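Any read-out appearing in this document is the output of simple, stated calculations on the displayed coordinates, not a laboratory observation. Everything quoted here is computed from the prediction, not taken from an experiment. Every residue, glycine among them, receives a Cβ derived from its backbone with ideal geometry; neighbour counts consider all protein chains shown.
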Amino acid sequence: MNTPHIPVLIDEVKDIFCELESGYFVDCTLGYAGHSFEILKSHENIKLIACDRDIEAINFSKNRLLQFNDRVSFFHTTFSNVIDKCENLPIRSILADIGVSSLQLDKKERGFGFDSDKLDMRMDQNSSFSAYDVINRYQKNELERVLRDYGELREYKKIAKKICDEREKEPIDNAKRLADIVGRKSQFRGRTISPATLVFQAVRIEVNSELDELKLLLESIKNSKINNCILAIISFHSLEDRIVKQTFKTWAKSCICSPDVFRCDCGNNNAIGQIVTKKAIEPSLEEIKQNPRSRSSKLRAFYIERERIYEIR
Ligand SMILES: C[S@@+](CC[C@H](N)C(=O)[O-])C[C@H]1O[C@@H](n2cnc3c(N)ncnc32)[C@H](O)[C@@H]1O
């Protein structure tokens, strides 16, 4: 079946989950089921909880996974909610391949790309908040925050001002015009990423609360009863990867006393498992050549095992 999205790091993901024998696999970001299809195919006793906030992705994948029908439950929801819905099941594996799918980027009506006639960027089409609202209704200081924090743009003030000046003339209601206003080409020597790329990234993160979603997902896993479970997260930019890396480090700490205390009084049993990937796994040059969109992906994994007491790291 032709799919509108090529799954990234597929062999590495299969490898991380290779020992699965039973229980449930939660795919927090089902997308076009590239990863889930492979897991279901190679682990015949595994059942799938398939979550995505994008109904177009869910509908496509229902068809794609038809042959595994009796082993799959679909949830059209955000992944910050999915763990609550299934934490009493024997979950042995969780995957979150966060970010946008190729279909979302390529389909003009979705308003994620520079050449779209719309300014949308909602992953969940039922949401009432879109890129149009961020660009046309945010105060200048709110726009600056989005561009600075999520786009990491040095010239965030200048770009926010440009957007505010332009929208005074007439509302900015399509992606093409926004890309023209902020600049499609990098104006700085040695810089390869264009302002438009970073502005679009920042607005997308804001529209879909992407970083908060990731933090909430991690929190819901930590606060759940899930045990003996491998968690793998694929992220596509440094803001997300930093959150994953820091969280896994904290989760692996047995002693959480402040470094100043003379003697440990925290019980020294606070770890909820251990880090599986000491360094993030990145795509091979071959994969990047075949699928350039994989180039910024990073995979980190953590094994949740709550009863064991781990050594202080
Ligand atoms: C990179 S794609 C996943 C591709 C999938 N692994 C595959 O092989 O086809 C990311 C998907 O995650 C979904 N998504 C992103 N953030 C989400 C969230 N907070 N809750 C639920 N789904 C989310 C997007 O709608 C998109 O379909």
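Select from segment 165-273 those chymotrypsin sites (Phe, Trp or Tyr not before Pro) which occupy a DSSP coil region and have at most 15 other Cβ atoms within 10 Å, ordered by residue number.
Working: sites: Phe188, Phe200, Phe236, Phe248, Trp251, Phe262; in loops: Phe188, Phe236, Phe262.
In loop regions of segment 165-273 (DSSP not H, G, I, E or B), the sparsely surrounded chymotrypsin sites (Phe, Trp or Tyr not before Pro) are Phe188, Phe262.
Work the Kirkwood hydrodynamic radius out for the chain: mean of 1/r over every pair of different alpha-carbon atoms, inverted, in Å.
Values: mean 1/r = 0.0478 Å⁻¹.
20.9 Å is the Kirkwood radius here.
Please give me, ordered by residue number, the GluC sites (Glu not before Pro) of segment 38-82 that lie in loop per DSSP and have at most 14 other Cβ atoms within 10 Å. Write out the running numbers ahead of the final one.
Values: sites: Glu38, Glu44, Glu56; in loops: Glu44.
Counting only loop positions with at most 14 other Cβ atoms within 10 Å, the GluC sites (Glu not before Pro) in segment 38-82 are Glu44.
Quick one: compute the contact order of the chain, relative version, from alpha carbon pairs under 8 angstrom and 6+ residues apart, as a percent.
Values: 534 pairs, mean separation 52.0, N = 313.
Rounded, it is 17 percent for the chain.
In whole Å, how far is the Cα centre of segment 56-70 from that of segment 83-113?
When both Cα centres are located, 14 Å separates them.
Of the peptides 264-276, 17-29, 201-213, how do they stack up when ordered by the mean number of other Cβ atoms within 10 Å, highest first?
Numbers: 264-276: 15.6, 17-29: 18.9, 201-213: 21.3.
The most tightly packed comes first, giving 201-213, 17-29, 264-276.
Give me the net charge of Ala131's neighbourhood, meaning all other residues with Cβ under 9 Å from the Cβ of Ala131; Lys, Arg count +1, Asp, Glu -1. Working shown, then result.
Numbers: positive: Lys118, Arg122, Arg204; negative: Asp120, Asp133, Glu206.
Cβ neighbours under 9 Å give a net charge of 0.
Of all the Cα-Cα pairs you can form in segment 125-207, what percent are over 18 Å apart?
Details: 1176 of 3403 pairs.
So the portion of pairs separated by more than 18 Å is 35 percent.
Once the mean 1/r over all distinct Cα pairs of segment 227-274 is inverted, what Kirkwood radius in angstroms do you read off?
Working: mean 1/r = 0.0801 Å⁻¹.
Answer for segment 227-274: a Kirkwood hydrodynamic radius of 12.5 Å.
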